[in-house]
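Just so you know, all these numbers are worked out from the coordinates, no wet-lab data involved. Because the structure is predicted, anything quoted here is derived from the model rather than measured. Note: ideal-geometry Cβ built from the backbone for every residue, glycine included; neighbour counts use all protein chains shown.
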Amino acid sequence: MNRAPAVAKVNLALVVGPRRNDDRHEVATVLQRIDLADRIAVEPASKLSVKGFAEDTLVRGALEELAAAAGTKPRWAARIWKQIPVAAGLGGGSSDAATALRLANESLDRPLAREALIPLARARMRGARNAQPAAPRKRRWKRPAAAPTTRKP
């Protein structure tokens, strides 16, 4: 059984740039790893199972993506020991999925190159199966009208 920590991170800075032609924005961020981590274990199995965190979808999805890319069936047993608070903005789910992806890939007879794992991880982090960008959204926010000024006579 392969085990590894899935480390949490804190966003120290986030800069949203100008809108691109695809109606998305360029984003730059500065991240810092912190001394908080989930533990992930992955081993070959007869079928895919993920235990330890009932609400998991990211680890399961990452392993399904890896199997599809490798031309095999998803046959791993994964175990998550949660320490990173859920939905705290610390990247716990993403880190769990990336760590499971790496560990499962190491168990393949012919592991994928690191460069081939990156698009799979990105697809999972977006929650999209095929890494397709979302359809552009129309801008709904409008600048509020200036407040009228009133003067006392």
For segment 1-49, the count of residues that are touching a helix residue (DSSP H, G or I) at 6+ places or on another chain (Cβ under 8 Å) and either touching a residue at least 40 places away in the same chain (Cβ under 8 Å) or loosely packed, with under 10 Cβ neighbours inside 10 Å (or both) equals 15
Inter-residue pairs, beta-carbon under 9 Å, first among the basic types (Lys, Arg) and in segment 96-114, second loosely packed, with under 15 Cβ neighbours inside 10 Å and in a helix (DSSP H, G or I), 6+ apart
Arg102/Arg114
The number of residues in segment 1-42 that are of a type in the set (D, E, K, R) and assigned to a strand (DSSP E or B) is 8
